[in-house]
Each structure stands twice: as structure tokens, then as C-alpha cells.
Amino acid sequence: LPEDILVEGKKKKKQQEEQQKTMGKISKKEKKDVMRKHMTEVLKETLNKYPNTVYLGEDVQHGGYYLVTDGLLSQFPNRIIDVPPDETTLLGISMGFSQLGFCPIVEIPYAKYLDCGVDMFYEIALNHWLTNGQSKTGMVVRLQGFDKGIFGGNFHTHIMLSHVPPGVDLVCFSNGEVSLAYNDKGCI
């Protein structure tokens, strides 16, 4: 290859390497927010933008598990709703809200706890799918507990979501570091 093409290629490669080194790093003046604060901001934006949105879960009026709803009650007093610790009831109440035209966001403290309400979860998903959307059961179910072993024992970390039913879209929050790592290994 001609020398100018080789030099240009080396420059480009060096720029890419520098970019990858600095990607995700933060200057000493900046402080990195934890994921939950970003999630709180997304919830706040959603509740502001869509007045028919309600947030339901255990102790969510007091910040919920991991303080994701911290401070939202004062801004949205009638739309942050505490529900007793029963996942079947929580999902059933959310289905009722959905059928009344609301968009419920349901917080289940640990992903494993979805197993406790799995019959209702499948009923909601399949009801929407089998009626081709005629039955209004749309909602967001927010689960926690997908990290590397920091949750309370085996009953909090293995889940039934390996079998996602039709009618369910699965989305996962990410800080991007995992995606970059997989991309670096050529997996994406």
C-alpha cells in the first residue's frame, strides 16, 4: 500500500484507541451518578409528560427498594401508590388501571418475586396478545436483580424470564460498560 494510506490508517487506529480509552471515563471534576438516579429522572420525565401514568409497588411512596422513587411522591402525590407485598395483587391492580386507560408502571422489588405473580403476569401478556391489542392491558413492569450476586441469596436472583411470553417486550437498563465489553470482544 502507498505510504500515505498506511500513515492515515495508523492515525485513524490511534484515534480510535484513544477514544476507547476515554469512553466512559469521567473527569475528576465530574461525579458519576448511580444508575438509580438516572432511573428516577426517567420516571419523573414520564410522569410529567404522561398524566395518565401511575407508579405502583411496595413502599414506593417512601422511595421503594433502592430509592428509585425517592422524592417522586411530593411531586406526584396521587400517582405514586403503595400496594401490599403481594405480586399477584399488584399485577391485578395494575391490569385494572390499564383497562381504565392509565399506564401503570409496576415495581417488583426483585426479579425473582415475579415468580409469585407469574400466573397474573402471563394472563396479562397473553390477554393482550390473544385479543390483538383489543384488551387494554399495557403496562411497564420494572424488575431489579440482574447484577452479579449482590442480591439476597438464590431466591432473589434466579428468575422465570427465560420464558418470555408473547405480548411482552423485554428491556434492560444498562450503564453501557457491558455493551462496550461485549462489543470489544466482537459479540455485538
Residues whose placed amide H lies under 5 Å from that of Y110, excluding near-sequence neighbours: Q144
Protection proxy ranking, peptides 121-132, 67-78, average beta carbon neighbours within 10 Å, highest first: 121-132, 67-78
Under Karplus coefficients 6.51, -1.76 and 1.60, residue-wise ³J(HN,Hα) of segment 74-80 in Hz, glycine/proline x: 5, 8, 9, x, 9, 10, 10
Rounded to the nearest 10 Å², the accessible area of M139 at probe 1.4 Å: 40 Å²
³J(HN,Hα) computed for each position of segment 104-110 - Karplus, 6.51 cos²θ - 1.76 cosθ + 1.60, integer Hz, glycine/proline x: x, 10, 10, 9, 10, x, 10
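The values are calculated or read from the model by the stated rules, or taken from the named source; none is laboratory data. Nothing here was measured: the structure is a model prediction, and the numbers come from that model. Backbone-built Cβ (ideal geometry, glycine too); neighbour counts: all protein chains shown. Surface areas here come from the heavy atoms of the whole protein model, side chains and all, with no ligands, DNA or RNA. Shrake-Rupley method; radii C 1.70, N 1.55, O 1.52, S 1.80 Å.
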